[in-house]
Amino acid sequence: MKQIILFFLIYSSLQAFEYNLVPQKLAKGVYCFFGKLENISKENGGNMVNTCFVQTKEGFVVIDSGPTYAYASEAYVQMQNIAKIPIKYVINTHDHDDHWLGNSFYKSKGALLIGPRTYEQNVVTGMETRMERTLGKVLYAKTNIVMLDRVVDDNLTLKLGGRAFILKQLEDIAHTKGDLVVWLEKEKVLFVGDLVFNGRLTSLRDGSLLGSLRTLDKIDAYAAEVIVSGHGFQTHAQSTTTFKAYLTELKSEVFKALDEDVGLEKISKKVTMDKYKEMKLYDMLHARNVLDAYRELEMVEEEE
């Protein structure tokens, strides 16, 4: 009996992870898969990120390829159920691995990979990723790191099948030092990657609080009808509101603590911002965000 149980355990572990992806239509020819509001785990297979695809007359354009090869291959099946057309481009909004580890699958399908300069700077073939460490070899199987075909330094406009995709970096540093937005001007759809979070907290570890706030003002200035974030389910025009409120209060509270000469060792206990405790990943990320904000703001004047 023990041998039978062991056999089934081994057999089950070798089966492909099922993401059960279901595309949500946001506009004509615009679809997204929405990930869970939680951290990476073996249980979710890294499915905690939003990825999207846009149908054109000549092929699909993918915005962020997702956390694994298996995720991308499952997403591809869903695309082909909509239209039997090729994947022409994959646009990576920034260099955090949950957004681009499906690249190797799409590369095998002939897609051209596009992303920010920071991808080229920070992503190294053969390096161990955060996703690989968390998921393990079975769930991560076939996932490989591939380099970009084209790097965006500031802005780029792609035209494909009657649609225009305007790629732009809005600030030198915001969530990271290389965040791209993708603007479908005619459709009034804006893909913003991790420049916007809703339903859960962000991480400031690679970015800037002040840069993030400046970027949010620029995002709002697009007057988009649909805003697709890297994490979270809201896509309406006001989906930046809660995120901006969190960052604005964080800035205000840390400046106040600096005025009161609160030291680095006490700042996290001082700036708790309790009304955000119900947000997903508050316990994991808020205290670190306070520390990162403190280190940034202690070097600037409060009128910033």
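The values are calculated or read from the model by the stated rules, or taken from the named source; none is laboratory data. Predicted model, so just to flag it, every value in this text is computed and none were measured. Here Cβ is always computed from backbone atoms with ideal geometry, including for glycine, and neighbour counts include all displayed protein chains.
Could you tell me whether any residue of region 251-266 is over 20 Å from Ser212 (Cα atoms), in contact with a Phe, Trp or Tyr (Cβ under 6 Å, 6 or more places away or on another chain) and surrounded by 18 or more Cβ atoms within 10 Å (Cβ to Cβ)?
The answer is no; no qualifying residue exists.
Can you give me the ranges of the helices (runs of 4 or more DSSP H) entirely in region 47-157 with at least 1 residues that are within 28 Å of Asp172 (Cα to Cα) and β-branched (Val, Ile, Thr)? Show your work before the answer.
Values: elements: 69-82, 103-108, 117-122, 130-139.
In region 47-157, 117-122 are the helices (runs of 4 or more DSSP H) which contain 1 or more residues that are within 28 Å of Asp172 (Cα to Cα) and β-branched (Val, Ile, Thr).
Do the conditions hold for Glu249, that is, is it among the acidic types (Asp, Glu), part of a helix (DSSP H, G or I) and closer than 18 Å to Met299 by Cβ?
Here the answer is no, as Glu249 does not meet what is asked.
Which condition breaks for Thr272 when tested against (1) out of contact with any Leu (no Cβ under 8 Å at 6 or more places or on another chain); (2) loosely packed, with under 14 Cβ neighbours inside 10 Å; (3) without any contact (Cβ under 8 Å) to a residue 40 or more places away in the chain?
Going through the list (1) out of contact with any Leu (no Cβ under 8 Å at 6 or more places or on another chain); (2) loosely packed, with under 14 Cβ neighbours inside 10 Å; (3) without any contact (Cβ under 8 Å) to a residue 40 or more places away in the chain, Thr272 breaks only (2).
So, of the residues in region 216-250 that are under 20 Å from Asp98 (Cβ atoms) and β-branched (Val, Ile, Thr), which turns out to be surrounded by the fewest Cβ atoms within 10 Å (Cβ to Cβ)?
Thr235
From (1) crowded, with 24+ Cβ neighbours inside 10 Å; (2) within 21 Å of Leu281 (Cα to Cα), pick out the condition that doesn't hold for Arg205.
Here Arg205 meets the rest and fails (1).
Every residue in region 25-69 that is more than 22 Å from Val138 (Cα to Cα), touching a residue at least 60 places away in the same chain (Cβ under 8 Å) and basic (Lys, Arg), please.
Lys28, Lys57
Of the residues Ala293, Ala223, Ala237, which single one is outside any loop (DSSP other than H, G, I, E, B), modelled with pLDDT of 95 or more and closer than 30 Å to Gly66 by Cα?
Answer to the check: Ala293.
Inside region 178-206, can you point out the residues that are under 30 Å from Gly161 (Cβ atoms) and aromatic (Phe, Trp, Tyr)?
Of all residues in region 178-206, those under 30 Å from Gly161 (Cβ atoms) come to 178-196.
Trp183, Phe191, listed by residue number.
Taking the residues in region 165-189 that are among the basic types (Lys, Arg) and assigned to a loop (DSSP other than H, G, I, E, B) as candidates, determine which candidate is nearest to Asn155 (Cα to Cα).
Restricting to residues being among the basic types (Lys, Arg) and assigned to a loop (DSSP other than H, G, I, E, B), the top hit is Lys177.
Would you point out which residue out of Asn144, Asn92, Asn103 is at pLDDT 95 or above, within 18 Å of the chain's Cα centre (by Cα) and more than 22 Å from Val226 (Cα to Cα)? Full working, then the answer.
Numbers: Asn144 fails: within 18 Å of the chain's Cα centre (by Cα); Asn92 fails: more than 22 Å from Val226 (Cα to Cα).
It is Asn103.
Does region 275-290 hold any residues that are of a type in the set (D, E, K, R) and either assigned to a loop (DSSP other than H, G, I, E, B) or exposed (fewer than 14 other Cβ atoms within 10 Å of the Cβ) (or both), and which are they? Talk me through it step by step, then tell me what you get.
Of region 275-290, the ones of a type in the set (D, E, K, R) are 275, 277-278, 280, 283, 288.
Across region 275-290, the qualifying residues are Lys275, Lys277, Glu278, Asp283.
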